[in-house]
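First up is the structure itself, then whatever we jot down about it.
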Amino acid sequence: MIAVAGQVKTATVMAERPPLPLSGQVAGAIDWWREAGLDCDFVDDATDWLAPPEEAEAPAAPAIDTRAAEPPRELVPSVEPARRVDVDKSSWPTDLAAFRDWWLATDALDTGGAFPRVPPAGPAKAGLMIVVNQPEEGDRDTLLSGPDGALLQGFMRAAQIAPETVYLASLLPRHDTAPDWDAIRAAGLGELLAHHIGLVAPGRILFLGRNIPPLLGHDMAQGPAILRNINHKDASIPAMGAGGLADMRRSARRRERFWRCWLDWTYGET
């Protein structure tokens, strides 16, 4: 129908267009809001975007014992002080034969051990006094009855030293698998050795053990060494020091150095 001039189509005519389905209406609304620049959903509840994120609740700290803590105790093994043999020097024998008996029986030297005491042997005023650290492990009645003694006997034959002219002694009365030399020094065994030397009154002294000369105030060099004379009362006794026999058994070089030092020490003797 064509309207007459001056007239418009009425609502009756426009109502003749069918309505959009619901899905189309929703899509149209969304398109409208998108064209308006809004593409997010909004809620009525206010949100503080700048607030820091909430931290998880920390677990409760363990209860602290407010009682005074006991200070830690230092665990130190108990060490008995070294038994001194020089507390009463007046009890030391002044006769060599009595000294040997005292050496085997006195409680002043030690309180016992796994090995027996072994006595010194030889004459007074011997031409040579030989002092070793301690008896060999297998010694019972005779000092140096094992491999160390065999090496010493071989040396004496090579040096043409008659056994009956030698006084053989040890610093310790019995074998010790792990000697504590600081304790030995503190025990006064150096002074007892000096007393022993005075009773023997030898012509010369040979120390076979590096730990022996320092007990008498002599510093030992790395190799065998001719030491200062041992002064005892009115006597001045020539002395030489070297490593132990066990060390020499294991090293041909040490035996050679010992032999050369011996020759230098005894040069000119017949």
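Does Ala158 meet the test of being aliphatic (A, V, I, L, M) and within 21 Å of Met248 (Cα to Cα)? First the steps, then the outcome.
Numbers: aliphatic (A, V, I, L, M): yes; within 21 Å of Met248 (Cα to Cα): yes.
Yes: the conditions hold for Ala158.
Please give the number of the condition Ala235 fails out of (1) under 26 Å from Pro93 (Cβ atoms); (2) under 28 Å from the mean Cα position of the chain (by Cα); (3) surrounded by fewer than 19 Cβ atoms within 10 Å (Cβ to Cβ).
It is condition (2) that Ala235 fails.
If Pro224 satisfies all but one of (1) at pLDDT 95 or above; (2) in contact with a Cys (Cβ under 7 Å, 6 or more places away or on another chain), what's the number of the condition it fails?
Looking at each condition in turn, Pro224 falls short on (1).
Which one is surrounded by the fewest Cβ atoms within 10 Å (Cβ to Cβ), of the residues in the range 238-257 that are touching a residue at least 60 places away in the same chain (Cβ under 8 Å) and closer than 29 Å to Ala201 by Cβ?
Ala246
Collect the residues in the range 215-270 that are among the charged types (D, E, K, R) and closer than 28 Å to Glu137 by Cα, keeping them in residue-number order. Quick ask: steps written out before the conclusion?
Quick first cut of the range 215-270, residues among the charged types (D, E, K, R) only: 219, 228, 233-234, 247, 249-250, 253-257, 260, 264, 269.
Asp219, Asp247, Arg249, Arg250, Arg253, Arg254, Arg255, Glu256, Arg257, listed by residue number.
Grab the helices (runs of 4 or more DSSP H) fully contained in the range 189-270, keeping just those with 1 or more residues being in contact with a strand residue (DSSP E or B) (Cβ under 6 Å, 6 or more places away or on another chain) and aromatic (Phe, Trp, Tyr).
In the range 189-270, 252-265 are the helices (runs of 4 or more DSSP H) which contain 1 or more residues that are in contact with a strand residue (DSSP E or B) (Cβ under 6 Å, 6 or more places away or on another chain) and aromatic (Phe, Trp, Tyr).
Can you run down the residue pairs with Cβ atoms below 7 Å, 6 or more apart or on separate chains, where the first is in the range 198-214 and under 12 Å from Ala239 (Cβ atoms) and the partner is of a type in the set (Val, Ile, Thr) and surrounded by fewer than 19 Cβ atoms within 10 Å (Cβ to Cβ)?
Close Cβ pairs satisfying both conditions: Pro202/Ile237; Arg204/Ile237; Ile205/Ile237.
Might you let me know whether the range 246-259 holds any residue that is of a type in the set (A, V, I, L, M), at pLDDT 90 or above and closer than 30 Å to Ser90 by Cβ?
No, the range 246-259 contains no residue that is of a type in the set (A, V, I, L, M), at pLDDT 90 or above and closer than 30 Å to Ser90 by Cβ.
From Leu171, Leu199, which residue is of a type in the set (A, V, I, L, M), under 25 Å from Trp259 (Cβ atoms) and surrounded by 15 or more Cβ atoms within 10 Å (Cβ to Cβ)? Spell out how you get there, then give the answer.
On the way: Leu199 fails: under 25 Å from Trp259 (Cβ atoms).
The unique qualifying residue is Leu171.
Conditions tested, residue by residue: (1) surrounded by 15 or more Cβ atoms within 10 Å (Cβ to Cβ); (2) touching a strand residue (DSSP E or B) at 6+ places or on another chain (Cβ under 6 Å); (3) within 16 Å of Ala194 (Cβ to Cβ); (4) modelled with pLDDT of 95 or more.
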position: Gly112; (1), (2), (3), (4): no, no, no, no
position: Phe115; (1), (2), (3), (4): yes, yes, no, yes
position: Gly122; (1), (2), (3), (4): yes, yes, no, yes
position: Asp139; (1), (2), (3), (4): yes, no, no, yes
position: Leu143; (1), (2), (3), (4): yes, yes, no, yes
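The values are calculated or read from the model by the stated rules, or taken from the named source; none is laboratory data. A quick note: this is a predicted structure, and the numbers were derived from the prediction, not measured. Glycine also receives a Cβ, built like all others from the backbone with ideal geometry; neighbour counts cover every protein chain displayed.
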